[in-house]
Structure formats: C-alpha cells, structure tokens
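Peer 1: Before I ask anything, let me first share the structure, which is written out below as structure tokens.
The values are calculated or read from the model by the stated rules, or taken from the named source; none is laboratory data. Keep in mind it's a predicted model, so treat the numbers as computed, not measured. Heads up, the Cβs are rebuilt from the backbone with ideal geometry, glycines too, and the neighbour counts pull from every protein chain shown.
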Amino acid sequence: MNIKTATIKDLQTALESGAETAVSLAEKYLAAIEADTTDSFLGVYDDVLQQAKAADARREKGESGPLLGIPLAVKDNMLITGKPVSAGSKILEDYKAPYTATALKKLQESGVVFLGRTNMDEFAMGSSTEHSAYQVTKNPHDEARVPGGSSGGSAAAVAAGLVPAALGSDTGGSVRQPASFCGVVGFKPTYGAVSRYGLIAMGSSLDQIGPLTRSVADAELLFSATRGQDPLDSTTYGSDTYSEPTAAPKKIGVPRAFIDADGVDPVVKENFAIALTKLERAGYELVDVQIDILSEALAMYYIIMPAEVSSNLARYDGVTYGLRTDDTDLFTQYVHTRRDGFGPEVKRRLLLGTYVLSTGYYDAYYRTAVRARRVLEAAFTKVFSTVDAIATPTTPAPAFKIGEKSADPLEMYIQDIFTVGANIGGIPAISIPSGTTEVEGKELPLGLQLMADKNHESILFTIGKGFENECL
Ligand code: GLN
C-alpha cells in the first residue's frame with residue numbers, strides 16, 4: 001500500500017488485517033510531514049503517538065470502526081483542548097484552545113488520530129493561503145502556484161500525501177476551491193448539518209466544517225462521523241427539519257449562461273464539457289436550468305460576509321484572547337493590538353463590514369443583500385423541484401501563480417464566483433477532481449462542482465461516486 005495515495009478505506013483495511021497499526025501509520029505520515037516541501041502544516045501536535053497508541057489499545061480490546069486509528073489533519077481554526085490554534089493570524093499566535101470543537105470531539109470518539117494543524121488564510125479570508133501570517137503553502141502539482149484557500153494547507157497536505165484526509169472550513173468555497181486546485185475531493189455540508197461549536201468564526205451564517213479527501217466515499221464517511229444536532233450550536237438542525245431524498249437522482253441541471261460568462265478560462269469550459277459527458281455516461285440526464293440571480297451571489301457574499309466578519313472579530317481586542325500590546329491606556333491598547341495583530345486582508349474586510357452595517361448604508365447594502373439572499377434561496381428551492389443536482393465548474397481557472405493576484409483583491413474575490421452560491425443558499429456542495437490541464441509543462445487539476453437541495457447530501461455522494469468511476 002502506498003500511503004501517499006491511500007484512501008481512508010484503504011487504511012482501514014490495512015488496520016483491520018493487522019498489516020498496519022495506528023502507530024505505524026502515524027509514524028509514516030509524520031515522516032512524510034517532516035520531509036514536506038509544500039509548507040502545508042503550521043505544526044504537528046505533541047501527542048500524536050499517544051493518540052495512536054490509544055487507538056491501537058482500543059482495537060486490541062475488540063473495538064472496530066471505520067475511523068479507529070485513522071490519521072487526520074485539521075485546519076488551524078478548529079479547537080482541540082490545550083493545543084495551539086491561531087486561525088493563521090498573529091493575533092492568536094500563542095493561543096491555546098480551552099475546549100474541543102464538537103465535530104472534532106466526535107472524531108476523537110471514533111478513534112481518529114489528529115496529526116497537526118494546517119496553514120490557512122488569516123481567519124479563513126482568502127483564496128490562495130497567501131494571507132496566512134506565517135507562511136505561503138505551495139501547490140504540490142506546481143510549487144510555483146498557490147494551493148487555493150483558505151483551507152490551502154489541508155488541500156495541499158492531502159494532495160502531497162502527508163495525510164489521507166483533512167478538515168477544512170467553507171464560508172464561500174474554502175474547502176471546494178483548494179480541493180479543485182490540488183486535485184482532491186472537497187465537501188461542504190448543508191448549513192447547520194455540522195456543529196460550528198469550536199470553529200473560529202468568520203461569517204456565522206455561512207461557515208461549515210467540511211472534509212478534504214482522496215475519494216467521495218471518504219468525504220461521506222467523515223461527514224457522517226461529524227454531522228448532527230448539537231446543543232452547543234443552535235443553528236444545527238434535527239432529523240425532522242428538512243426532508244430526505246425519496247428516490248435515486250436522475251436529472252442534473254446545468255446553468256449554461258452562468259458558466260459561459262466572460263472571465264471563465266476556456267480550459268475550464270472544455271474540461272466541464274467533458275465532465276458533463278461523463279455524467280451522461282454514468283446515466284444522468286442533463287437539463288439546462290436558468291438561475292439568473294446566481295451570478296449575483298458573489299455581490300451578496302462580499303456584503304454579508306464582511307458584515308459578519310466585522311462583528312465576529314470585534315472580540316479580538318487584546319483583553320480576552322491572544323496578542324495584547326503593552327500600552328497603558330485601554331483605548332490605545334485596543335487600537336494597537338488590532339493594528340499589529342491583523343493582516344491587511346482582514347483589515348480590508350473589517351472596514352468593508354463596518355461600512356455596510358453603518359447607519360445610512362445599512363439599507364442600501366446589508367439589508368438589500370439579505371433580501372437578495374432570500375430570492376436566491378427561493379430560486380434554489382424552485383430549481384430543485386425539477387432537478388436533483390446542479391453542476392458547474394468549481395473554479396473559473398486552474399491554480400494561479402504565487403504572488404499573481406495578491407495585489408488585486410477583486411481578482412482574488414472573483415475566484416469564488418461558482419462556490420459562494422451554495423453558502424448563501426445554505427445548500428450542500430462537493431468538488432470532485434475532473435482531470436487536469438497542462439499549463440507551462442505542469443499538469444494542473446480542475447474540479448467539477450455539484451450542488452443539491454438542503455439535507456440532500458446523499459445525492460451528491462451518489463452522483464459523485466458515479467462520476468469518479470467514469471474518471472478512472
Ligand atoms: N475565498 C473566500 C473568501 O475569501 C472564501 C473564504 C472561505 O470560504 N472561508 O472569502
């Protein structure tokens with residue numbers, strides 16, 4: 001077995017047969033991380049072998065389970081008691097988590113071995129991981145290029161073979177876009193399916209924890225291990241909130257006008273056309289759908305998200321968490337802590353968010369965006385009464401070069417055009433590798449995105465596995 005390409009299911013078989021132990025696997029992945037050239041990890045946890053030994057001891061006592069002894073990496077914005085967690089920011093540089101996130105606690109109970117924390121754009125704001133306060137992660141397919149973001153460390157780690165799977169968080173595409181750039185599967189659940197308790201907040205009405213994996217089946221496995229109503233997150237929903245799919249999926253909607261827009265790289269359009277033929281070969285009927293408001297999702301996102309960011313990040317004032325400058329008067333301390341602790345992209349969004357919420361602009365921007373959001377939600381509901389899923393490319397272009405877009409925030413924001421709709425609508429979405437395109441002598445991955453109605457994740461997994469089979 002090659003640990004660099006093994007799926008969770010492969011590792012599980014090796015653990016069950018006794019060919020590997022949790023300790024032997026952890027040692028192999030730790031060695032791979034040690035030799036890494038992509039700078040995917042911000043740190044390895046200090047108790048990896050202890051965790052692995054505990055998993056082996058559980059197996060020796062007769063326990064089994066699909067995740068018992070499986071190593072996993074965690075984006076640097078999820079809390080594990082006593083472990084450093086910085087959200088890629090200087091403001092939380094020496095911060096240690098006081099409790100464990102619900103989703104991670106569930107994984108711990110399933111016997112997962114957490115290897116370490118992965119690099120990310122500061123507070124999950126970005127599409128390239130270049131906004132990390134610590135390091136720039138490189139795309140394993142071409143180290144001159146970005147891995148995408150903001151979960152770029154998690155995506156690069158899975159693609160580089162440093163870990164079989166990793167957790168990311170997706171507010172506007174931060175699991176799916178880096179998955180697409182790195183050639184792995186990235187999945188964002190229905191809003192409220194997975195608890196956000198212990199996930200450092202970016203945009204609370206948009207954030208969801210999701211897995212980055214080497215197969216659709218592994219994404220499904222991690223989703224079922226982390227989902228569920230949580231008394232500590234009142235936005236999680238119960239089993240009776242949304243209906244379940246009643247029949248196997250048949251029809252896939254294609255919003256052609258949206259995809260044919262200017263600015264979408266011709267190689268992406270070509271790859272997407274091939275992906276559609278594969279979906280047809282897998283037995284699905286393709287129908288054109290028109291969702292005019294979908295192209296406005298990006299505008300809604302860049303109003304609603306910064307508004308929520310400005311509110312969520314108000315807590316970093318030097319008093320309760322992390323960095324504190326040693327000024328003697330309180331006001332100057334607030335100002336200097338935030339000046340020194342936050343990077344330029346975070347500050348830009350704080351300004352934008354404060355502006356759209358300010359008296360005089362609230363109605364024009366924030367309220368209008370929230371109204372438009374309801375229109376998009378209604379449009380999705382209508383479309384999902386006629387099709388089982390919607391297909392689009394995940395990104396408008398393959399991975400760009402490090403430094404290429406960092407000076408132009410708007411260029412960076414356009415990266416999110418296909419992914420933000422699912423967050424604004426609260427619906428589940430998955431990115432699945434759809435082949436590669438050759439750019440300057442390197443094979444760069446591209447991704448197919450599928451979206452479904454709320455709580456219809458199973459549709460994405462079914463279609464996704466069919467698509468994967470056609471890509472073999
Ligand atoms: N790229 C998007 C942004 O910068 C998405 C971020 C995310 O999903 N966390 O806002």
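Peer 1: Within the range 3-49, which residues are at pLDDT 95 or above, in contact with a Pro (Cβ under 8 Å, 6 or more places away or on another chain) and part of a loop (DSSP other than H, G, I, E, B)?
Peer 2: The answer is ALA6, THR7, THR38, SER40.
Peer 1: Let me ask something additional. Just give me the residues in the range 116-139 being part of a strand (DSSP E or B) and among the charged types (D, E, K, R), in sequence order.
Peer 2: Passing the criteria: only ARG117.
Peer 1: Please state which of the following conditions GLU457 fails to meet, knowing it meets all the rest: (1) more than 16 Å from CYS182 (Cβ to Cβ); (2) surrounded by 24 or more Cβ atoms within 10 Å (Cβ to Cβ); (3) within 16 Å of the ligand (Cβ to nearest atom).
Peer 2: Tallying (1) more than 16 Å from CYS182 (Cβ to Cβ); (2) surrounded by 24 or more Cβ atoms within 10 Å (Cβ to Cβ); (3) within 16 Å of the ligand (Cβ to nearest atom), GLU457 fails exactly one: (3).
Peer 1: Out of the residues in the range 351-403 that are free of Cβ contacts under 8 Å to residues at least 60 places away in the same chain and of a type in the set (Asp, Glu), which is nearest to ALA155 (Cα to Cα)?
Peer 2: Filtering first and then ranking leaves GLU377.
Peer 1: Then there is this: Among the numbered criteria (1) free of Cβ contacts under 8 Å to residues at least 40 places away in the same chain; (2) closer than 30 Å to PHE342 by Cα, which one does LEU313 miss?
Peer 2: That leaves (1) as the condition not met.
Peer 1: If you don't mind, there's one more thing I want to ask. Out of the residues in the range 101-111 that are part of a loop (DSSP other than H, G, I, E, B) and touching a Lys or Arg at 6+ places or on another chain (Cβ under 9 Å), which is farthest from the ligand (Cβ to nearest atom)?
Peer 2: Filtering the range 101-111 down to residues part of a loop (DSSP other than H, G, I, E, B) leaves 101, 110-111.
Next cut, touching a Lys or Arg at 6+ places or on another chain (Cβ under 9 Å) only: 101, 111.
Numbers: ALA101: 16, GLY111: 28 Å.
Ranking the qualifying residues of the range 101-111, first place goes to GLY111.
Peer 1: Considering every residue within the range 343-358, establish whether at least one is under 28 Å from ASP408 (Cα atoms), in contact with a Gly (Cβ under 8 Å, 6 or more places away or on another chain) and part of a helix (DSSP H, G or I).
Peer 2: yes
Peer 1: From the set of residues in the range 135-175 that are more than 13 Å from the ligand (Cβ to nearest atom) and touching a Gly at 6+ places or on another chain (Cβ under 7 Å), which is farthest from THR213 (Cα to Cα)?
Peer 2: Among residues in the range 135-175 that are more than 13 Å from the ligand (Cβ to nearest atom) and touching a Gly at 6+ places or on another chain (Cβ under 7 Å), the one farthest from THR213 (Cα to Cα) is THR137.
Peer 1: Here is a follow-up. Which one is surrounded by the most Cβ atoms within 10 Å (Cβ to Cβ), of the residues in the range 176-197 that are within 16 Å of the ligand (Cβ to nearest atom) and closer than 21 Å to LYS83 by Cβ?
Peer 2: If we take residues in the range 176-197 being within 16 Å of the ligand (Cβ to nearest atom) and closer than 21 Å to LYS83 by Cβ, then VAL194 is surrounded by the most Cβ atoms within 10 Å (Cβ to Cβ).
Peer 1: If a residue has to be among the polar types (S, T, N, Q) and either under 19 Å from ILE252 (Cβ atoms) or not in a helix (DSSP H, G or I) (or both) to count, how many in the range 286-313 make the cut?
Peer 2: Kept after step one, since they are among the polar types (S, T, N, Q), are these residues of the range 286-313: 290, 295, 310-312.
Then keep just the ones that are either under 19 Å from ILE252 (Cβ atoms) or not in a helix (DSSP H, G or I) (or both); that gives 290.
Number of matching residues: 1.
Peer 1: Let me ask you something else. Determine whether the range 321-341 contains at least one residue that is among the acidic types (Asp, Glu), more than 16 Å from the ligand (Cβ to nearest atom), free of Cβ contacts under 8 Å to residues at least 12 places away in the same chain and touching a strand residue (DSSP E or B) at 6+ places or on another chain (Cβ under 9 Å).
Peer 2: There is no residue in the range 321-341 that is among the acidic types (Asp, Glu), more than 16 Å from the ligand (Cβ to nearest atom), free of Cβ contacts under 8 Å to residues at least 12 places away in the same chain and touching a strand residue (DSSP E or B) at 6+ places or on another chain (Cβ under 9 Å).
Peer 1: Can I ask one more? Only residues that are more than 28 Å from the chain's Cα centre (by Cα), surrounded by 15 or more Cβ atoms within 10 Å (Cβ to Cβ) and acidic (Asp, Glu): list them for the range 19-69, please.
Peer 2: GLU20, ASP56 - these are the residues of the range 19-69 that are more than 28 Å from the chain's Cα centre (by Cα), surrounded by 15 or more Cβ atoms within 10 Å (Cβ to Cβ) and acidic (Asp, Glu).
Peer 1: Go through the residues of the range 242-254 one by one and say whether even a single one is at negative phi, in a helix (DSSP H, G or I), crowded, with 20+ Cβ neighbours inside 10 Å and not aliphatic (A, V, I, L, M). Explain how you work it out, then say what you get.
Peer 2: Step one: of the range 242-254, the residues at negative phi are 242-254.
Then drop every residue that is not in a helix (DSSP H, G or I), which leaves none.
No, there is no match, as no residue in the range 242-254 is at negative phi, in a helix (DSSP H, G or I), crowded, with 20+ Cβ neighbours inside 10 Å and not aliphatic (A, V, I, L, M).
Peer 1: State which residue pairs qualify: first residue at pLDDT 95 or above and among the small types (Gly, Ala, Ser) and inside the range 293-305, second residue within 16 Å of the ligand (Cβ to nearest atom) and assigned to a helix (DSSP H, G or I) in any location, beta carbons under 7 Å apart, and separation of 6 or more residues or different chains.
Peer 2: ALA297/VAL420; ALA297/GLY421; ALA297/ILE424
Peer 1: Here is a list: ALA97, ALA101. Which entry is of a type in the set (A, V, I, L, M, F, W, C), surrounded by fewer than 24 Cβ atoms within 10 Å (Cβ to Cβ), touching a strand residue (DSSP E or B) at 6+ places or on another chain (Cβ under 9 Å) and in contact (Cβ under 8 Å) with a residue 24 or more places away in the chain?
Peer 2: ALA97
Peer 1: Residues VAL287, VAL267: which one is surrounded by 15 or more Cβ atoms within 10 Å (Cβ to Cβ), in contact (Cβ under 8 Å) with a residue 60 or more places away in the chain and aliphatic (A, V, I, L, M)? Break it down stepwise before answering.
Peer 2: On the way: VAL287 fails: surrounded by 15 or more Cβ atoms within 10 Å (Cβ to Cβ).
After applying the criteria, what remains is VAL267.
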